[in-house]
1. Given the options A:GLY328, A:GLY396, A:GLY337, name the one that is on the phi > 0 side of the Ramachandran plot, more than 21 Å from the chain's Cα centre (by Cα) and not aliphatic (A, V, I, L, M).
2. In region A:217-253, what residues are modelled with pLDDT of 95 or more and in contact with a strand residue (DSSP E or B) (Cβ under 6 Å, 6 or more places away or on another chain)?
3. Go through (1) without any contact (Cβ under 8 Å) to a residue 24 or more places away in the chain; (2) outside any strand (DSSP E or B) and name the single condition A:LEU444 misses.
4. I need the full set of residues from region A:231-245 which are touching a residue at least 40 places away in the same chain (Cβ under 8 Å) and assigned to a loop (DSSP other than H, G, I, E, B), in order please.
5. Given A:THR474, A:THR494, A:THR510, A:THR529, which one is under 25 Å from A:ASP194 (Cα atoms) and outside any helix (DSSP H, G or I)?
6. Taking the criterion of being touching a helix residue (DSSP H, G or I) at 6+ places or on another chain (Cβ under 6 Å) and small (Gly, Ala, Ser), would at least one residue in region A:339-346 satisfy it?
7. Return the residue satisfying two criteria in turn: it lies in region A:286-309 and is under 15 Å from A:ALA235 (Cα atoms) and of a type in the set (S, T, N, Q), and of such residues it is surrounded by the most Cβ atoms within 10 Å (Cβ to Cβ).
8. Can you pull out the residues in region B:232-250 that are more than 9 Å from chain A (Cβ to nearest Cβ) and either more than 21 Å from the chain's Cα centre (by Cα) or hydroxyl-bearing (Ser, Thr, Tyr) (or both)?
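The values are calculated or read from the model by the stated rules, or taken from the named source; none is laboratory data. Not measured: the values here are computed from a predicted model. Every residue, glycine as well, gets a Cβ built from its backbone with ideal geometry; the counts of neighbours run over all protein chains shown.
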Amino acid sequence: MSAPEASEAAGTTSGVDPPEEDAPTRQPLPPNPLAEGMQATRRAPPGVLTVFGASGDLTSRKLLPALESLSRRRLLQPGFAVVGVARTPLDDQGFRDLMTTAVPDAGPAWEEVVKHSRYLAGEYDDPDTFSRLLVLLDDLDAELGHPGNRTFYLATIPAMFEKVADGLGAVGLQRPSQPGAAVRLVIEKPFGRDLDSARQLDAALHQEFDESQIYRIDHYLGKETVQNVLALRFANAIFEPLWNRSYIDHVQITVAESLGVEKRGGFYERAGALRDIVQNHVMQVLSLTLMEPPISIDSQGIRDEKVKALRSVVIPSTEQVLSDVVRGQYDSGWSEGVAVPAYRQEPDVDPKSETETFVAMKLTVDNWRWAGVPIYIRTGKRLPKRITEVALQFQGVPHLAFNAAESRDLRPNALVLRIQPDEGVALRFGAKVPGQAFKVRDVLMDMSYGASFLEEAPDAYERLLLDAMVGDPTLFIRSDEVDQAWQIVDPLLTTWEQRQVPLAGYAAGTWGPRQADQLIERDGRQWRTP
Amino acid sequence: MAHAVAVDTWDAQGVRLSDIVAALADLRHQSVGKNAARTAVMTLVAVVPADEQAYAATRALGALGRHHPARIVLLRPDPDQVATLDGRAALYAVDADGHQVNFEEVTLVVGGQAANHLDSLVEAFTLSDLPVPVWYAGDIPQPTDPLLSVATTVLIDSRDAADSGQLRALLELARRRTVVDLSWIRLKPWRELLAGLFEPPECRLWLESVESVEVSGKIGPRQLLGGWLAAQLRLMPRQVQLVDSRHVEVRVVCRRDGQTATFEVGRGELHRTVAARRTLPAGARGNPPSPNVPPPIPLAEDPLATSLADALTHLEPDAIWERALSTATSLSA
């Protein structure tokens, strides 16, 4: 490259003319022929990402590394900037230091992002915070030449969602500042504590933002393997014909964690397994499993079908909650070779806590495809291993030609979608054992995504952040999805509270309380051992 | 992810093809039950005629297991040697997220006339139903090469084109087969950065006033980039100046209303980076504010392996490349 002459910095910082009647920017933009053929890569449009809760754990642990990865993959436009907002007193340089230390091995592109980034300290219920934010964002747009695209990410505690949305609305930041610009609001789960509070939150957000501007994140949907449920079902002709009540006996969804509540005792006390896992992660996986084929793999096509699937789930009555749901809490026990305390002995947990750390339940579905196929769901902490999977248990053959001794080890076929860890698909089927006798036994055909696609998949937050900035809401949860999921879960909360349903204890490191086994065994079935 | 390591090997000289096939079957059989997954998404055939190319190609192929589990068939043809067939079969393992993944590599050293009929040797090793990209590491193949009949995609490196005649041969090949050019992939940072310089709406307008472009570099890259710019910007050949140089640099000069702007992409200040630079006339109407220059792009540590892995991810025709190549043949080197 030639030696610096009149560099851009020298040539342009004073070179911004005021708009004129015939200003070039008002003309239709001619295409960039040099970019032809490169459009296949999705890039975030020029803009600013404002993170509320910028000094918090989520920002340092997830958001900043995800942004750095996007910058390294050149998926952020030049001049991309982050504005951090939080109550912590910091200045611009302090925030830039935080951005740098959060990603120790960052590439050179991250330095550019850090260089442009700014920080604003303020209370979320102070109108002045938002007035100053408005000025800062306008200044940044002018300084960096951005067209006004703004994404607001609420990495705060849920209690702040309404305040931040109100504050943004009060100064007009919920609307684009320039024609053609986009303004989006990203919020993290949980979306409410129950159906009523979820609806209140929704109404409050909609006071300021249109639904099309709101991106509700459940990071599960950013996982490649969750998206692979769609690929497996709708890109392969061999599975879909079997994906119904004619062939499937029942479905089991397991979301198991081997860890306890660690340092999140305070949070978990208010949440519990039902709110923390079932209302969001499980309902998302369930809807992807049950949904009908969408017209197209786009945001409306997929989300319409997901909502339809959730609407077909029978909302449990009080009697069904009492008979078909088990809530449990772990006692002390052994986990991964280590003696671990009971939930009530964990830090920041009430010694008389009634919070559930385990839920097992049976749901039914009223639609053409799934009528009569029970869905068994099991989630909990301090279970033997960390695993998330969906297992479709097929019906047995109508007539088994082998005698009992020959087929003792044969079970009905099962198709297992492993979501984490060791993502993949496994098919269990019968095969003859080599030898003179005609014995048949289960074998497992096991496909691991990691071994078949050695390319590194983007982290869930990386994927979802880019989607939000690009404006693709496919992997975000729509308002009616949240509402429908709460409608299914809310009767459990209500019944547990009104009837004071007792907790079933289970030893840490086991697959849950005995009552959970009884729940499925009374139907003549058994939990899988994942 | 770890580099692929050889788990087991077999080799012999002066053998029949069936011996190598049997040895490969033995190696595969031995891998069963070792708690390793065998997986492949393609059969990659690599033609490596000369010793000096063999080392680089083998190294690139070794790194490939990290990206694309493939059965690799390495061909060393030498028609001037006595008619003979030497073979080596190796079972490799690579760690993928805690899984040991096995794949095979077969090397055939082919002497005599059989070296002109490699297609007859390769098909014994191709995996059914999977793509068979054929990588010519070193030479641009003749369009009549029989091996092309087994290729679902042809991988070449236009850097190996010594003159316009070879570029025309390559163009002819591209009209018959799907061709992926590793050089084109390696030049992506230059192309991306240059395109990025014109992304701000105000800069886009300068594209309508391109006066000249200058491309420096070795013959292959400079011809290709020159062809790309001429084709995409609809320039006359006289507007494109190609300069012999060790490093690739591109300079686009635009003139409008008596003012000149230059857009450049070349080596960055940081080691092994490509950087963009924009020089606009001071005070020109519509200049974008600083600093919307795309950030420097780090170059791959192992450009051959990286471009090969990238090529195998995109085994489809590239109309922009074909247009660039077509136009490049009309430019004087």
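1. Being on the phi > 0 side of the Ramachandran plot, more than 21 Å from the chain's Cα centre (by Cα) and not aliphatic (A, V, I, L, M) holds for just one of A:GLY328, A:GLY396, A:GLY337, which is A:GLY337.
2. Hits for region A:217-253 are A:TYR247, A:ILE248, A:ASP249, A:HIS250, A:VAL251, A:GLN252, A:ILE253.
3. Going through the list (1) without any contact (Cβ under 8 Å) to a residue 24 or more places away in the chain; (2) outside any strand (DSSP E or B), A:LEU444 breaks only (2).
4. A:PHE239, A:TRP243, A:ASN244, A:ARG245
5. Going through A:THR474, A:THR494, A:THR510, A:THR529 in turn, just one is under 25 Å from A:ASP194 (Cα atoms) and outside any helix (DSSP H, G or I): A:THR474.
6. No, that holds for no residue.
7. Only one residue tops the list, namely A:THR289.
8. Across region B:232-250, the qualifying residues are B:LEU235, B:MET236, B:PRO237, B:ARG238, B:GLN239, B:VAL240, B:GLN241, B:LEU242, B:VAL243, B:ASP244, B:SER245.
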